[in-house]
Amino acid sequence: MDIREEIRALKEREQAVILAHYYAPDEVQAIADYVGDSFFLAKAAAKTEAKTIVFCGVHFMGESAKILNPSRRVLMPDLSADCAMAHMATAEQILKLREEVRDLAVVCYINSTAALKGLSDVIVTSSNAEKIVRALKEKNILFIPDQNLGSYIASKVPEKTFYYSGGYCPVHAFLLAKDVLAEKKAHPKAEVLTHPECIGEVRAVSDFIGSTADIIKYAEKSGADEFIVCTEPGVLYELKARCAGKVFYPVSMVCADMKKNTLEGVRDCLLHGSGEVVMREEEMEAARRPLERMLELAK
Ligand code: 13P
Ligand code: SF4
């Protein structure tokens with residue numbers, strides 16, 4: 001039997017829904033019920049009535065799904081798929097700044113461990129961070145763990161003072177403006193579309209900055225025919241599907257962890273119930289409050 005048919009049959013047997021991030025391999029995006037950015041997938045996980053969620057993403061995404069919808073079983077095709085940035089802040093940094101700075105909100109990017117979320121006031125994703133930070137009453141913001149997304153939001157909300165834990169995405173942060181400009185020289189009419197996890201010098205030479213979903217929406221509407229894409233090249237699958245006739249030039253590295261989500265992994269976790277996300281009750285409870293606050297403030 002073709003592996004796609006096997007997955008379809010197992011999905012029915014297990015009353016499962018398959019969620020995949022835009023960075024998952026093309027063939028996995030093709031069989032998923034929902035494909036999207038982190039915010040879209042968190043909302044989809046929170047409201048699904050399926051008994052089992054198969055999350056084709058990285059570990060913090062599976063954790064967030066479990067926290068937001070704890071009565072569902074959450075399976076991941078490869079539990080070792082992790083986001084390096086998710087660990088780039090410490091409890092000590094948070095507790096120290098809470099003592100030192102008054103009128104402080106700890107704003108935590110969803111690309112973080114559940115433990116860090118549990119110490120934070122609100123969670124954000126790249127598609128809702130600006131709106132949520134603006135809505136906070138506090139003047140001072142500790143933005144963890146991504147300093148690049150944080151400094152981008154700081155440039156949009158200059159009335160607030162930002163502090164950082166110093167984390168970064170190893171896939172996006174090593175892309176340099178000279179790489180983008182070299183591509184631009186080869187394709188002078190191309191628009192530059194950039195994820196806010198990129199460094200400031202790359203954002204500065206971009207025509208549009210936004211989450212994976214926002215980049216796709218922008219490319220669909222834009223009058224341009226060519227685009228230089230400064231985010232993980234997995235987004236090209238959806239970009240090409242939605243923008244027939246347009247041409248995309250990826251410049252970013254691949255996220256190796258996202259590519260751990262294979263069709264075989266999807267089949268096997270459904271077949272054996274393997275790769276289950278299991279969390280401690282207290283850890284889930286602490287992280288649920290700021291995650292639910294995100295859903296509320298982003299409405
Ligand atoms: P999005 O929220 O834009 O999908 O980004 C997730 C991510 O991990 C980017 O590296
Ligand atoms: Fe994490 Fe970067 Fe991979 Fe996104 S691309 S999951 S931020 S390592």
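Points to keep in mind about this one:
- Here LEU175, LEU142 are screened, and the one residue that is touching a helix residue (DSSP H, G or I) at 6+ places or on another chain (Cβ under 7 Å) and part of a loop (DSSP other than H, G, I, E, B) is LEU175.
- In segment 78-113, the residues that are surrounded by 19 or more Cβ atoms within 10 Å (Cβ to Cβ) and out of contact with any strand residue (DSSP E or B) (no Cβ under 7 Å at 6 or more places or on another chain): ASP78, ALA81, CYS83, ALA86, GLN93, THR113
- When PRO145 is tested against (1) away from ligand 1 (no atom under 15 Å from the Cβ); (2) within 23 Å of LEU97 (Cα to Cα); (3) not polar (S, T, N, Q), just one condition goes unmet, and that condition is (1).
- Of all residues assigned to segment 158-167, none qualifies as being farther than 27 Å from ALA20 by Cα and in a helix (DSSP H, G or I).
- Just one of the numbered conditions (1) more than 13 Å from ligand 1 (Cβ to nearest atom); (2) surrounded by fewer than 18 Cβ atoms within 10 Å (Cβ to Cβ); (3) assigned to a loop (DSSP other than H, G, I, E, B) is not true of ALA241: (3).
- Which numbered condition SER120 fails, given (1) within 15 Å of ligand 2 (Cβ to nearest atom); (2) crowded, with 24+ Cβ neighbours inside 10 Å; (3) part of a loop (DSSP other than H, G, I, E, B): (1)
- Residue that is under 15 Å from PHE248 (Cα atoms) and away from ligand 1 (no atom under 16 Å from the Cβ), where the choices are LYS139, LYS160, LYS189: LYS189
- Test: ALA42 is surrounded by fewer than 19 Cβ atoms within 10 Å (Cβ to Cβ), within 16 Å of ligand 1 (Cβ to nearest atom) and either of a type outside the set (Asp, Glu) or modelled with pLDDT of 95 or more (or both): no
- Contact map, segment 255-267: residues that are modelled with pLDDT of 95 or more paired with residues that are hydroxyl-bearing (Ser, Thr, Tyr) and within 16 Å of ligand 2 (Cβ to nearest atom), Cβ distance under 6 Å, separation 6+ or inter-chain. Pairs shown: CYS255/TYR23; MET258/TYR23.
- Residue list for segment 1-34, filter: closer than 17 Å to ASP257 by Cα and assigned to a strand (DSSP E or B): LEU19, ALA20, HIS21
- Residue in segment 192-212 that is of a type in the set (Asp, Glu), outside any helix (DSSP H, G or I), touching a strand residue (DSSP E or B) at 6+ places or on another chain (Cβ under 8 Å) and within 13 Å of ligand 1 (Cβ to nearest atom) present: yes
- Of VAL254, VAL278, VAL266, all but one fail to be away from ligand 2 (no atom under 16 Å from the Cβ), within 30 Å of CYS108 (Cβ to Cβ) and touching a Pro at 6+ places or on another chain (Cβ under 7 Å); the exception is VAL266.
- Total residues in segment 173-212, condition among the charged types (D, E, K, R), in contact (Cβ under 8 Å) with a residue 40 or more places away in the chain and either within 16 Å of ligand 2 (Cβ to nearest atom) or surrounded by fewer than 15 Cβ atoms within 10 Å (Cβ to Cβ) (or both): 2
- GLU138 satisfies every condition listed in (1) more than 16 Å from the chain's Cα centre (by Cα); (2) acidic (Asp, Glu); (3) within 18 Å of PHE39 (Cα to Cα) except (3).
- The lone criterion from (1) within 14 Å of ligand 1 (Cβ to nearest atom); (2) touching a residue at least 60 places away in the same chain (Cβ under 8 Å) left unmet by GLU27 is number (1).
- Residues of segment 247-270 that are out of contact with any Leu (no Cβ under 6 Å at 6 or more places or on another chain) and assigned to a helix (DSSP H, G or I): MET258, LYS259, LYS260, LEU263, GLU264, GLY265, VAL266, ARG267, ASP268.
- Leading residue by the ranking (nearest to ligand 1 (Cβ to nearest atom)) among those in segment 79-103 that are without any contact (Cβ under 8 Å) to a residue 40 or more places away in the chain and not in a helix (DSSP H, G or I): ASP103
The values are calculated or read from the model by the stated rules, or taken from the named source; none is laboratory data. Here the structure is a predicted model, which is why all the values come from computation and not from measurement. Every residue, glycine as well, gets a Cβ built from its backbone with ideal geometry; the counts of neighbours run over all protein chains shown.
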